[in-house]
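Worksheet: one structure, shown below.
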Ligand SMILES: Nc1ncnc2c1ncn2[C@@H]1O[C@H](COP(=O)(O)OP(=O)(O)O)[C@@H](O)[C@H]1O
Ligand SMILES: [Mg+2]
């Protein structure tokens, strides 16, 4: 499904150069439930951003279903993201002025789906993540774990082939983190969504079916 080939990423800021990824290669099969592990600063977020087409590598290739996404225009990348990829972030990144249901609907709005379908699907998916009775709450009226469930619902509403989750449990206590992982694992099983998540928490990593370890921008072991 995805082939990452010799990816390098150099950030240049005001005279300083950081080589965040130094020749990273690996593959992701469809239906995987895998983790990218590594300490803070090892390049996990950089790798996930590149996989999701949110940023471009300095060199190397990323093939998604045979198509090299490096070097595509922003419009082309937007289109791929909208159709194929869901994102879950450490800080939930919900839109504060929208309710849980409106947050989930938002992507479908971008896709131009009609109002009645948006309403029906968003409520279905919120029910699936256990928040059917919280649809009208605003993010600040939800706990961290609940907000992250809304983020999961938002990520999977378009039935993407791939969901990228950057330290999705970093702000959650271990019980809440565990149930979020249960949810992700269930969605992986039931809908065959490919999940790639990053973490440095051994407990979280133990739930992955496969783990690759980043250290200083390189794969270890
Ligand atoms: N936008 C950026 N500009 C400059 N340096 C960055 C930027 N993003 C990340 N870095 C640097 O790249 C390295 C890898 O960062 P990151 O991918 O965020 O690691 P992780 O997610 O594993 O903590 C770090 O040294 C970080 O400081
Ligand atoms: Mg990070």
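The values are calculated or read from the model by the stated rules, or taken from the named source; none is laboratory data. Source: prediction; values computed, not measured. In this analysis, Cβ positions are derived from the backbone assuming ideal geometry, glycine residues included, and neighbour counts consider all displayed protein chains.
Is it the case that the stretch 161-173 has a residue that's in contact (Cβ under 8 Å) with a residue 24 or more places away in the chain, touching a strand residue (DSSP E or B) at 6+ places or on another chain (Cβ under 8 Å), loosely packed, with under 15 Cβ neighbours inside 10 Å and part of a loop (DSSP other than H, G, I, E, B)?
Checked the stretch 161-173: no residue is in contact (Cβ under 8 Å) with a residue 24 or more places away in the chain, touching a strand residue (DSSP E or B) at 6+ places or on another chain (Cβ under 8 Å), loosely packed, with under 15 Cβ neighbours inside 10 Å and part of a loop (DSSP other than H, G, I, E, B).
From the set of residues in the stretch 55-80 that are touching a strand residue (DSSP E or B) at 6+ places or on another chain (Cβ under 8 Å), without any contact (Cβ under 8 Å) to a residue 40 or more places away in the chain and not in a strand (DSSP E or B), which is surrounded by the most Cβ atoms within 10 Å (Cβ to Cβ)?
69
Every residue, every condition in (1) more than 16 Å from ligand 2 (Cβ to nearest atom); (2) touching a strand residue (DSSP E or B) at 6+ places or on another chain (Cβ under 9 Å); (3) in a helix (DSSP H, G or I); (4) in contact (Cβ under 8 Å) with a residue 12 or more places away in the chain, yes or no:
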| site | (1), (2), (3), (4) |
| --- | --- |
| 12 | yes, yes, no, no |
| 25 | yes, yes, no, yes |
| 31 | yes, yes, no, yes |
| 47 | no, yes, yes, yes |
| 50 | no, yes, yes, yes |
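Evaluate the stretch 37-54: report whether one residue or more is within 16 Å of ligand 1 (Cβ to nearest atom), out of contact with any helix residue (DSSP H, G or I) (no Cβ under 7 Å at 6 or more places or on another chain) and more than 19 Å from residue 213 (Cβ to Cβ).
yes
Can you pull out every residue in the stretch 177-211 that is touching a residue at least 24 places away in the same chain (Cβ under 8 Å), outside any loop (DSSP other than H, G, I, E, B) and out of contact with any helix residue (DSSP H, G or I) (no Cβ under 9 Å at 6 or more places or on another chain)? Full working, then the answer.
Initial filter on the stretch 177-211 (touching a residue at least 24 places away in the same chain (Cβ under 8 Å)): 177-181, 183-185, 187-188, 191-201, 203-205, 207-211.
Add one more test, that the residue is outside any loop (DSSP other than H, G, I, E, B), and what stays is 177-181, 183-185, 187-188, 191, 194-199, 203-205, 210-211.
Those that are touching a residue at least 24 places away in the same chain (Cβ under 8 Å), outside any loop (DSSP other than H, G, I, E, B) and out of contact with any helix residue (DSSP H, G or I) (no Cβ under 9 Å at 6 or more places or on another chain): 185, 188, 205, 210.
For the stretch 89-105, check the following and say yes or no: at least one residue is in a loop (DSSP other than H, G, I, E, B), in contact with a helix residue (DSSP H, G or I) (Cβ under 7 Å, 6 or more places away or on another chain) and surrounded by fewer than 13 Cβ atoms within 10 Å (Cβ to Cβ).
yes
Quick one: how many residues across the stretch 212-221 are at pLDDT 95 or above and either away from ligand 1 (no atom under 16 Å from the Cβ) or outside any strand (DSSP E or B) (or both)?
Total meeting the criteria: 2.
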